[in-house]
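The values are calculated or read from the model by the stated rules, or taken from the named source; none is laboratory data. None of these values were measured; they are calculated from a predicted model. A quick note on method: Cβ atoms are made from the backbone with ideal geometry, for glycine too, and the neighbour counts reach across all protein chains shown. Ligands, DNA and RNA are excluded from the accessible area calculation, which covers all protein heavy atoms including side chains. Shrake-Rupley method; radii C 1.70, N 1.55, O 1.52, S 1.80 Å.
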Amino acid sequence: MENISILIADDEKEIRDLLKKYLEREQYQVDLAVNGQEALQLFHNKTYHLVILDLMMPKLDGVEVCRKLRTTTTVPIMMLTAKDQEVDKLLGLGIGADDYITKPFSIHEVIARVKALIRRSFIRENEDSFLEKTLITFKGLTINLKNYTLTIADKEIPLTAKEFELLKFLASHPEQVFTKTQLFHNVWGSNYIEDDNTVMVHIRKLRKKIEADPSNPKFIQTVWGIGYKFVGESNEN
């Protein structure tokens, strides 16, 4: 795989060089660190797709490095240990590593596991990206663009096709004000409004379904003399 960067941290030069040699044969870009402190410095200055950490390293051991990384990243982490018993201990600590290899190891097994971790990571990223594209979420409200459903406080709210399209358009442009003509053009696909009440009627119906108090709407608000805008409280804290 091209442009995949791997960081290896191990205080044993022989191990570092062996891993680097075989991983570079697989077209990975490899950087080396001789201790945990150097590994953290390198990680924060560059984007890596996988980190391989030796359990026992000077300055900062693999457990501490893993814990620190897990506060800021979900990058796959593989731990190298000297004993099988240490794997059990690490699993018990729940430090967030994705895989464990016991020394002495088969280099071919390491390569296979590296490929599996990276492949799994890319699948997860693609799934997350897909979900971002198919979900519009605000606190208490989720619009699923894939299966055309709306849920509020985990309860599915039935909408007509046009009500859904209108809500989707407004929620896709939070805080942006649209005139009735603009809404009709983007939702109904026409520049000419045959009935001036069409948009107003659909807004009123939507408010009855999604607002706790339709007379004092929280999501779809009227901007007097202009039109409407969607105001939603983000999911982010």
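Could you tell me what fraction of 2.2 N^0.38 Å the Cα radius of gyration of the chain comes to, as a two-decimal ratio? Working shown, then result.
Working: Rg = 26.4 Å, N = 237, 2.2 N^0.38 = 17.6 Å.
Its radius of gyration relative to the 2.2 N^0.38 Å reference: 1.50.
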Across the stretch 164-171, in residue order, what do the Karplus-derived ³J(HN,Hα) couplings come to in whole Hz, using 6.51 cos²θ - 1.76 cosθ + 1.60 with θ = phi - 60° and x for Gly and Pro?
5, 4, 5, 5, 4, 5, 5, 5
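When the helices in the chain are scored as -39500 (n - 2.57) per DSSP H run of 4 or longer and the sum is shared across all residues, what 222 nm value do you end up with, to the nearest 500 deg cm²/dmol?
Counting only the DSSP helices, I get -12500 deg cm²/dmol.
For the chain, what is the relative contact order in percent, using Cα pairs closer than 8 Å and at least 6 residues apart in sequence?
12 percent
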Taking 0.36 nm per residue of separation between residue 73 and residue 222 and subtracting their Cα-Cα distance, the length gained on full extension comes to 49.5 nm
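Tell me the per residue accessible area of the chain using a 1.4 Å probe; a whole number in Å² is fine. Don't jump to the answer; show the numbers that get you there.
Numbers: 13620 Å² over 237 residues.
I get 57 Å² per residue for this part.
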When ranked by the protection proxy of mean other Cβ atoms within 10 Å per residue, highest first, what sequence do the peptides 168-175, 21-28 form?
168-175, 21-28
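R0 = 22 Å: FRET efficiency of residue 106 with residue 11, Cβ-based, nearest 0.05? Spell out each step's value before the answer.
Details: r = 21 Å, r/R0 = 0.97.
Calculated transfer efficiency: 0.55.
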Gain upon complete extension [residue 156, residue 24; 0.36 nm per residue less C-alpha separation]
42.4 nm
